[in-house]
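The values are calculated or read from the model by the stated rules, or taken from the named source; none is laboratory data. This structure is a prediction, so every number in the text was calculated from the model and none was measured. Every residue, glycine among them, receives a Cβ derived from its backbone with ideal geometry; neighbour counts consider all protein chains shown.
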Amino acid sequence: MKGNKKIFLDIGSQYISFYTDSCFLRERNLAVVRRGYGLELLSCGSDTLSMIKSLPEHSYVVKPLENGSITNPEALELVLKSLFSKYFKKRIIDKCQVYCLIPCGLSIAERESLEKIISTTGYKDITLVESILGLLPYTDGKATAVGILGASMSDIGIIDSSGIVSGLSINLGGDSINEKIKEIVLDKKNLKISGTTSEKIKINLGSLYENDKSLYEVVGQDILDQQFRKIDVSADHIRPAILHAYKRYVDIIESILTTIPNKSLGEVSLNGLLLAGGGAEMRGAIDFFAKYLKLPIRILERPEIAHLKGLSNLVNDKTGKYGEIFGNNR
């Protein structure tokens, strides 16, 4: 890959994503490690999936980040070093800036810890930016409600040209929906299913439309006779899991709207809610949020990477209108 002067990074619980002017790269945030005198990285990213089936002796699988928190700093260091060296040439390190998206409300200690981990890759010019600011280039600069509905965490807030008016991160996302689906299938069908299966059910059946009666065939283990069998799951069956999460999103947005100045509230009523993240792709999301919030709703193109691409636009802006924002984040 040719040298890039800016690398935009998103370290999520499920994926680590890199965005540059020339490419977008995504790897699973997963690793196979072995403990000896220190922690040895045997595999990371998407390559790990094939190794899981037959783990080397004394090795184990680790997720360096869970629920938005770094659970294994040492493993995350090794994973980032491996991925940076895989995709970016060492000769660009001194000339390169790394911009990393972070959740709202990260403490100073958590920020310092993350910067230290990233710096072990050799990159020293590191800027941490709250994820919802990556949606600022998609607005007109006036107050807009935004939501990045992620896998283990979601970021929700109000932003305008001065930065974040109000914002927070919550432990709610696609992973929690998957767990609810597993519980529902177990309760209604006496069938134990894997997390991978519940994810497939969500993708194929997940809908906020009350009249959606779609069916999807899954395989699971009967808890009574321990035999594996096939069943049909309907969109009706899993809708409570979907509604549980999305009604919480609505409650949180409504709560935030009660805390902002009247001027900002008036602007939000016109500009509405801007959605990104994988959860924005849920069927019926626009109609659902419009019904409960009485706001214009817009889902960004390629919502799962829109905030990362938006961060690139924010940093590369030539007008200088975002200078104050980066002055507060560097």
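Things to note:
- Complete set of residues in region 267-309 that are surrounded by 21 or more Cβ atoms within 10 Å (Cβ to Cβ) and in a loop (DSSP other than H, G, I, E, B): 277, 282, 304, 305
- Taking (1) among the acidic types (Asp, Glu); (2) at pLDDT below 95; (3) within 17 Å of residue 190 (Cα to Cα) in turn, residue 210 satisfies each apart from (3).
- Residues that are among the charged types (D, E, K, R) and touching a Ser or Thr at 6+ places or on another chain (Cβ under 7 Å) within region 64-87 comprise 66, 77, 81, listed in sequence order.
- Of all residues in region 1-58, exactly one satisfies the criterion of being touching a Gly at 6+ places or on another chain (Cβ under 6 Å) and closer than 19 Å to residue 102 by Cβ, namely 27.
- Filtered residues of region 45-77 (kept if part of a strand (DSSP E or B) and more than 19 Å from residue 114 (Cα to Cα)): 59, 60, 61
- Of the residues making up region 176-190, those that are buried (at least 21 other Cβ atoms within 10 Å of the Cβ) and under 19 Å from the mean Cα position of the chain (by Cα) are 177, 178.
- Verdict on residue 59 being touching a residue at least 12 places away in the same chain (Cβ under 8 Å), in contact with a Leu (Cβ under 6 Å, 6 or more places away or on another chain), surrounded by 21 or more Cβ atoms within 10 Å (Cβ to Cβ) and of a type in the set (Ser, Thr, Tyr): no
- Count of region 156-183 residues which are more than 30 Å from residue 273 (Cα to Cα) and basic (Lys, Arg): 1
- Across region 184-212, the qualifying residues are those that are free of Cβ contacts under 8 Å to residues at least 12 places away in the same chain and in a helix (DSSP H, G or I), and the one among them that is nearest to residue 275 (Cα to Cα) is 203.
- Test for residue 25: is it surrounded by fewer than 20 Cβ atoms within 10 Å (Cβ to Cβ) and either within 23 Å of residue 177 (Cβ to Cβ) or over 21 Å from the mean Cα position of the chain (by Cα) (or both): no
- Taking region 275-320 as the range and being under 19 Å from residue 157 (Cβ atoms) and acidic (Asp, Glu) as the test, only 304 passes.
- Single residue of region 213-224 satisfying the filter (outside any strand (DSSP E or B) and of a type in the set (A, V, I, L, M, F, W, C)) that is nearest to residue 184 (Cα to Cα): 223
- Every residue from region 132-155 that is within 16 Å of residue 272 (Cβ to Cβ), buried (at least 23 other Cβ atoms within 10 Å of the Cβ), over 12 Å from the mean Cα position of the chain (by Cα) and not small (Gly, Ala, Ser): 135, 136, 144, 146
- Residues that are among the acidic types (Asp, Glu) and under 23 Å from residue 82 (Cα atoms), drawn from region 118-144: 125
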